[in-house]
Amino acid sequence: MMYQKKKFPFKYVYDHRLQVLELPYVKEELSMLILLPEESQDGSDPLLKLESELTLDKLHEWTNRNNMDTQTEIIVHLPKFKLEVESSLAEILMGMGMTSVFQGPKADLTGMSSQGGLFLSAVAHKAFVDVNEEGTEAAAATAAIVAFCMLREEHFMADHPFLFFIRHNPTNSILFFGKFRGPS
């Protein structure tokens, strides 16, 4: 389990019984966003309910820093996990209409090289998220400051399923998302 105590952007969404936490990476260009629904008392799956109700507008609203508490110490417990995804994007890009760069005679990559005849034969994409005892790469690079006064604290105990997102903050674009169900 990763443990940190720090002032992280945090919000509780009462209508959805949901904790929202932002873990900014170094220089805050990227952030890991975690949506942690409360465990249900009736045997239903709160993560399934969250997934069915989640929209991009709700995600933007819940994770907007202007709507989040940034002054409260958050005690964060997050399980260790690593997720890697590797895929070929050529088919996807061609399906979106980007075909000429894959066709030798039609491709124009002169902006990359003055040598003619260049074209793409493949586009590979690899992404990973790694959370360990020190935190994410960003969280491990930032130091916690302990204040000697009584501060309000929130507990963020991610010991049950949650959704996570990696966001590019300047554009508010989601670059990666996943679901943590438990150790495998």
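Observations on the model:
- Within the set Thr142, Thr136, the sole residue that is surrounded by 15 or more Cβ atoms within 10 Å (Cβ to Cβ), of a type outside the set (D, E, K, R) and at pLDDT 50 or above turns out to be Thr136.
- Residues in region 20-49 that are more than 17 Å from His60 (Cβ to Cβ) and of a type in the set (S, T, N, Q): Ser40, Gln41, Ser44.
- Highlighted here are the strands (runs of 3 or more DSSP E) found entirely within region 19-97 that include at least 2 residues which are modelled with pLDDT of 85 or more: 30-37, 73-78.
The values are calculated or read from the model by the stated rules, or taken from the named source; none is laboratory data. Just so we're clear, the structure is a prediction, and the values are computed from it rather than from any experiment. With ideal geometry, Cβ positions are generated from the backbone for all residues, glycine too; neighbour counts draw on all protein chains shown.
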